[in-house]
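Remarks on the structure that follows.
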Amino acid sequence: MQTLIFETAWDKTIAPRDREQIEALFIETKELFNEGIHFIPIRQAVNHRGDLLISVLIHNFSQEDYLFDKKTLQYTWKEKIVASHTFTLPFHIIKHHTSMPWTFIFPKETCVTTNNFTNGEIKLINP
């Protein structure tokens, strides 16, 4: 059974409306897959430095904890690579059968474009 958790800093600072949106997205997507790591888009934005911020709901549907250390992610839109960067999550592990929101920040220099786009997709390159 999949469980939604919020990392401590998120849990303390998330706006009630955003929490409700994420909880609804979790309910809607918690049974879409049977195995593996999946990223469900929440929103995308560009910050004041030009970095690309991609918020997703990370689902770990596997039977084992997942070590998120030095994992390369690509953000694609209409099958074109928009950004690619290697990440290590501060808590390193996503527990099995757990889902959690997270925002990945792709530095400006890793982005091909930061033009307005929606409905992109994050792909894990080195699982």
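Just subtract the alpha-carbon distance of residue 96 and residue 79 from 0.36 nm times their residue separation and send over the number in nm, one decimal.
Values: separation 17, 0.36 × 17 = 6.12 nm, distance 2.92 nm.
Full extension from residue 96 to residue 79 adds 3.2 nm.
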Q. Going by alpha carbons, how many degrees (0 to 90, nearest 10) lie between the helix axis of 16-29 and the longest principal axis of the chain?
A. 70 degrees
(Q) Given Cβ point charges of +1 (Lys, Arg) and -1 (Asp, Glu) and nothing else, what value in debye, to the nearest 20, does the dipole of the chain about its Cα centre take? (A) 400 debye
**Q.** Positive dipole terminus of the chain, leading residue within 99, 42, 59 (C-beta point charges)
**A.** 42
(Q) Taking amide H atoms as placed 1.01 Å from N in the peptide plane, list the residues 5 or more away in sequence, or in a different chain, whose amide H sits under 5 Å from that of residue 112. (A) 83
Q. Taking 0.36 nm per residue of separation and subtracting the Cα-Cα distance, what length does fully extending residue 32 through residue 112 add?
A. 25.7 nm
Q) Peptides 38-47, 3-12: what's the order by average Cβ count within 10 Å, highest mean first? A) 38-47, 3-12
Q. Restricting to lysine pairs 8 or more places apart or on different chains, what number in the range 22-112 have Cα atoms under 28 Å apart?
A. 14
**Q.** For the range 1-65: relative contact order, % (alpha-carbon pairs under 8 angstrom, 6 or more apart)
**A.** 30 percent
Q. Given springs between every Cα pair under 10 Å in a Gaussian network model of the chain, which of 61, 91, 106 has the largest fluctuation?
A. 91
Q. Hey, could you pull the Cα Rg and Dmax for the range 1-47, both in Å?
A. 12.1, 36
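Each reported figure results from applying straightforward, stated rules to the coordinates on display, with no laboratory input. Everything numeric here is computed off the predicted structure, so don't read it as measured data. Because the Cβ atoms are built from the backbone with ideal geometry, glycine has one as well, and the counts that use them run over all protein chains shown.
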